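Novice: Got a structure for you, written out below as structure tokens; questions coming shortly.
Please treat every number below as a calculation from the coordinates, not as lab data. What you are looking at is a predicted structure, and each value in this text was computed from that prediction instead of being measured. Because the Cβ atoms are built from the backbone with ideal geometry, glycine has one as well, and the counts that use them run over all protein chains shown.
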Amino acid sequence: MEINTISFFKKGITLFFSVMSFFMFGQNKEEPQIRKVFDQLVLAYGSSKTAPELVVMKQKQDRPAFYKFDKKPIVTIDTYLFTICRSFGKDSLNALSVVIGHELAHYYNEHSFCTDFAFAIRNKNEVFSKKVKLIDKNQKIIYETQADDKGLFYASIAGYEPFEVQSKLLDAIYTQYQLKDADGYPTKVQRKEIAKNALLKAKSLYGTFTLGLKYIQEKNYDKAIEAFNTVNNDFPSRENYNNLGVAKTRKSLLLKVKTSEEYKFPDRFLYPLEVENKSRLSQETTRSNNDRAQQMTELLLSAQKDFQEAIRLDPKFTKGYINLACVYELQGKYKLALGTIEELTKDQQNSYEARRILAITYYHNNQETNANSIWSALKM
């Protein structure tokens, strides 16, 4: 009888934990998806600012998401939003990226300034505080417009397809959350117009971004530089700065006078600016050597600034360091090139691309033994 009681108790405990595990999984299954989209969008923004804290609410809130600064920056998302997004089927994550991208845009563009300032001075100067709040009321429409613009674009950069789903999502959110037009915020009609304009602008700029990538592949570097500069005017990001630097550096290589060693072993001197960069770059022959040298110098200095900006926006951007090392090497700044690679982790320093630029740098810095050792290990 005692054995049966113990057995029954054990089965009861097992069943209890099984039910609890199932319940907890059911309750939390939305959160990993929300956090995944959040993290991918933070990476797409590529900002040096520390990412805001993400708070996932289990209960439905008055609104699906919001950004606020309360001692620290916080983006809050409720799981009911994910339920709405799931209704869009294959576009569920695309829909989620629209909302999260919008809230992150508020954070990265510091859209809480007026409200925070008015709150800070409310006891010191009540009249001035009210005036600031009035400015803040008018500013919110501008903020919402900018958040839609940038949110859509960076959702695209993160790999999502937010354009077609945004308008439908907006209707669904207003219906499901029973949102009404609020004082100091755009009306629903205005928000749909903002969304429409943002859609056209973001689509156009994302098209320019992808066109820039195409130009690089086609070795049309002038067009690539023009494309990424156009995008950078509205949406500066590590990707744009890095691609600008790549285009300028590869254009400069067309002006480089090759040595006999580079002709003899062309594969050894292929700069690892892009993984697919495996064919020897052609050279122009219509410019004088002085003109070529001057243009090459200017391009490399400009590319150096682009890569440095890409790294500033994201200090963990490994490719930016390798590309910057390439530029330093081409400028003859061999110690800087080696030092830039040394800033990477040991694993990153042992990557194929990092060792390639190290070998080229060693060779031109009269350290042929080190260069040949790396080339031998890489079977080049």
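Novice: Per 0.36 nm of contour for each residue apart, how much would the distance between GLU262 and THR369 grow if the chain were fully extended, relative to their Cα-Cα spacing? Working shown, then result.
Specialist: Working: separation 107, 0.36 × 107 = 38.52 nm, distance 1.67 nm.
Result: 36.8 nm gained on full extension.
Novice: Run the numbers for MET57 and GLN295: contour at 0.36 nm per residue of separation, minus the present Cα-Cα distance, in nm.
Specialist: Numbers: separation 238, 0.36 × 238 = 85.68 nm, distance 5.58 nm.
The span from MET57 to GLN295 would gain 80.1 nm if fully extended.
Novice: At a temperature of 37 °C and a viscosity of 0.692 mPa s, determine how fast the stretch 289-375 diffuses translationally according to Stokes-Einstein, using the Kirkwood radius over alpha-carbon pairs as Rh; express D in µm²/s, rounded to the nearest whole number. Write down the numbers at each step before the final one.
Specialist: Details: Rh = 13.3 Å.
Value of D from the Cα-based Kirkwood radius: 247 µm²/s.
Novice: Provide the gained length on full extension for the span GLU343 to GLU110, in nm with one decimal, where the gain is 0.36 nm per separating residue minus the Cα-Cα distance. Mind dumping the intermediate values first?
Specialist: Details: separation 233, 0.36 × 233 = 83.88 nm, distance 3.06 nm.
Net length gain for the segment: 80.8 nm.
Novice: Taking the simple approach of a point 7 Å from Cα along Cα-to-Cβ for both LYS196 and LYS305, what is their distance in nm?
Specialist: Here the modelled spin labels are 4.0 nm apart.
Novice: Show me 241-250, 352-361 ranked by packing, highest mean number of other Cβ atoms within 10 Å first.
Specialist: Values: 241-250: 26.2, 352-361: 21.7.
Packing proxy ranking, top to bottom: 241-250, 352-361.
Novice: Apply 1/(1 + (r/R0)^6) to the Cβ-Cβ distance of ARG86 and LEU213, taking R0 = 45 Å, and write down the FRET efficiency to the nearest 0.05.
Specialist: Values: r = 32 Å, r/R0 = 0.71.
So the FRET efficiency works out to roughly 0.90.
Novice: Within the stretch 159-225, list the trypsin sites (Lys or Arg not before Pro) lying in a DSSP loop whose Cβ has at most 15 other Cβ atoms in a 10 Å radius.
Specialist: Working: sites: LYS168, LYS180, LYS188, ARG191, LYS192, LYS196, LYS201, LYS203, LYS214, LYS219, LYS223; in loops: LYS180, LYS219.
Sparse-neighbourhood loop trypsin sites (Lys or Arg not before Pro): LYS180, LYS219.
Novice: If I model a spin label at LYS49 and ASN233 as a point 7 Å from the Cα along the Cα→Cβ vector, what separation in nanometres do I get?
Specialist: Computed distance between label sites LYS49 and ASN233 equals 2.4 nm.
Novice: Follow-up question, since we're still on this one. Between the stretch 148-162 and the stretch 64-96, what is the C-alpha centre distance in whole Å?
Specialist: Centre-to-centre distance over Cα atoms comes out at 14 Å.
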